[in-house]
Amino acid sequence: MTMSSAKIECVLRENWRCGESPVWEEASNSLLFVDIPAKKVCRWDSLSKQVQQVTVDAPVSSVALRQSGGYVATVGTKFCALNWEDQSAVVLATVDKDKKNNRFNDGKVDPAGRYFAGTMAEETAPAVLERHQGSLYSLFPDHHVEKYFDQVDISNGLDWSLDHKIFYYIDSLSYSVDAFDYDLQTGKISNRRSVYKLEKEEQIPDGMCIDVEGKLWVACYNGGRVIRLDPETGKRLQTVKLPVVKTTSCCFGGKDYSEMYVTSARDGMDPEGLLQQPEAGGIFKITGLGVKGIPPYPYAG
Ligand SMILES: O=C(O)[C@H](O)[C@@H](O)[C@H](O)[C@H](O)CO
Ligand SMILES: [Zn+2]
């Protein structure tokens, strides 16, 4: 597989502690993302190169567009609506009320406008946490929450097939990319199976997105790469290495969604690693991949 034309550029070197949940906002030519432990939602304007930030009151693990304006975000164990202008967050629903050590992790909106996000126990160090404490949820447009399953270790990447009939999901510590049958009408999932098991050097699967050919891109935490997978054959099609090891998530954006943006983390790195990887915690842009992505779905509530 050729990948020689891919070009990688660090577009933002503000050394985020744990960048996550990149989302392209076409209307503002911007990349939204979060810094989880810094409790920040960030918006990088790709034209002016300026970053705006909104600080919330708990770790913020994902952000998504909202059809009626503004954004939604998962903050602590709350689904919130975020007003960018006045920097206010309004709670729409709370989960895991009996689990004080839990927080949300990755989240994404489905093609019908439901906001899916899963939880995990708070980590004492990267990937070190009480196991099986998380669950997967979705916030419907009417603000009610449905729970899909529990026993999750680190709820992470998620996306839907182009025909909306499959939901792809990563529980990081299973080292697997899984698929479910998806019923877009009801938002129900069934028939869980694995479509790809990570190889040792690929390390921990984290964020994920789909491209226009229906192939999956998975950011490999500690693996310093994004990999492209064919969920039908279970084969890896491509590996793109980045100059930092803690690659956390990826999305397509830019003109016609022809660029890929990759977030990264610096939390958990020792001083020597930070010296060797000064761009750790930066945001990267990959061009020349030769495949495009699709626009993110906005939350419909
Ligand atoms: O970014 C996330 O999804 C988690 O919140 C992170 O803490 C790491 O991914 C995790 O440590 C590695 O699995
Ligand atoms: Zn993640």
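Tell me which residues, restricted to the range 181-207, are buried (at least 20 other Cβ atoms within 10 Å of the Cβ), within 17 Å of residue 229 (Cβ to Cβ) and away from ligand 1 (no atom under 11 Å from the Cβ).
Answer for the range 181-207, where residues must be buried (at least 20 other Cβ atoms within 10 Å of the Cβ), within 17 Å of residue 229 (Cβ to Cβ) and away from ligand 1 (no atom under 11 Å from the Cβ): 196, 198, 202.
Taking only the range 68-101 into account, find how many residues are open to solvent by 20 Å² or more (accessible area, probe 1.4 Å) and assigned to a strand (DSSP E or B).
Residues that pass the stated criteria total 8.
Does the range 39-96 hold any residues that are among the acidic types (Asp, Glu) and either in contact with a Ser or Thr (Cβ under 6 Å, 6 or more places away or on another chain) or within 17 Å of residue 14 (Cβ to Cβ) (or both), and which are they?
If the condition is that a residue be among the acidic types (Asp, Glu) and either in contact with a Ser or Thr (Cβ under 6 Å, 6 or more places away or on another chain) or within 17 Å of residue 14 (Cβ to Cβ) (or both), then 45, 96 are the ones that fit.
Under 6 Å between Cβ atoms, which residue pairs at least 6 apart in sequence (or on different chains) link something in the range 161-177 that is among the hydroxyl-bearing types (Ser, Thr, Tyr) and within 13 Å of ligand 2 (Cβ to nearest atom) with a partner that is assigned to a strand (DSSP E or B) and at pLDDT 95 or above?
Matching pairs, first to second residue: 169/158; 169/178; 172/154; 172/156; 172/204; 172/205.
Name every residue in the range 169-179 that is on the phi < 0 side of the Ramachandran plot and either charged (D, E, K, R) or open to solvent by 10 Å² or more (accessible area, probe 1.4 Å) (or both), in order of residue number.
Result: 171, 173, 174, 178.
Which ones in the range 246-276 are open to solvent by 30 Å² or more (accessible area, probe 1.4 Å) and in a loop (DSSP other than H, G, I, E, B)?
The answer is 258, 266, 267, 268, 269, 270.
Counting just the residues of the range 280-290 that are out of contact with any Lys or Arg (no Cβ under 6 Å at 6 or more places or on another chain) and open to solvent by 10 Å² or more (accessible area, probe 1.4 Å), which one comes out nearest to residue 220 (Cα to Cα)?
285
Do we have any residue at all in the range 220-237 that's open to solvent by less than 10 Å² (accessible area, probe 1.4 Å), touching a helix residue (DSSP H, G or I) at 6+ places or on another chain (Cβ under 9 Å), within 11 Å of residue 262 (Cβ to Cβ) and outside any helix (DSSP H, G or I)?
Yes, the range 220-237 has at least one match.
The values are calculated or read from the model by the stated rules, or taken from the named source; none is laboratory data. Note that this is a predicted model, so its numbers are computed, not measured. Reconstructed Cβ throughout: ideal geometry from the backbone, glycine too, with neighbour counts over all protein chains shown. Keep in mind that these areas ignore ligands, DNA and RNA; they rest on the heavy atoms of the full protein, side chains included. Shrake-Rupley method; radii C 1.70, N 1.55, O 1.52, S 1.80 Å.
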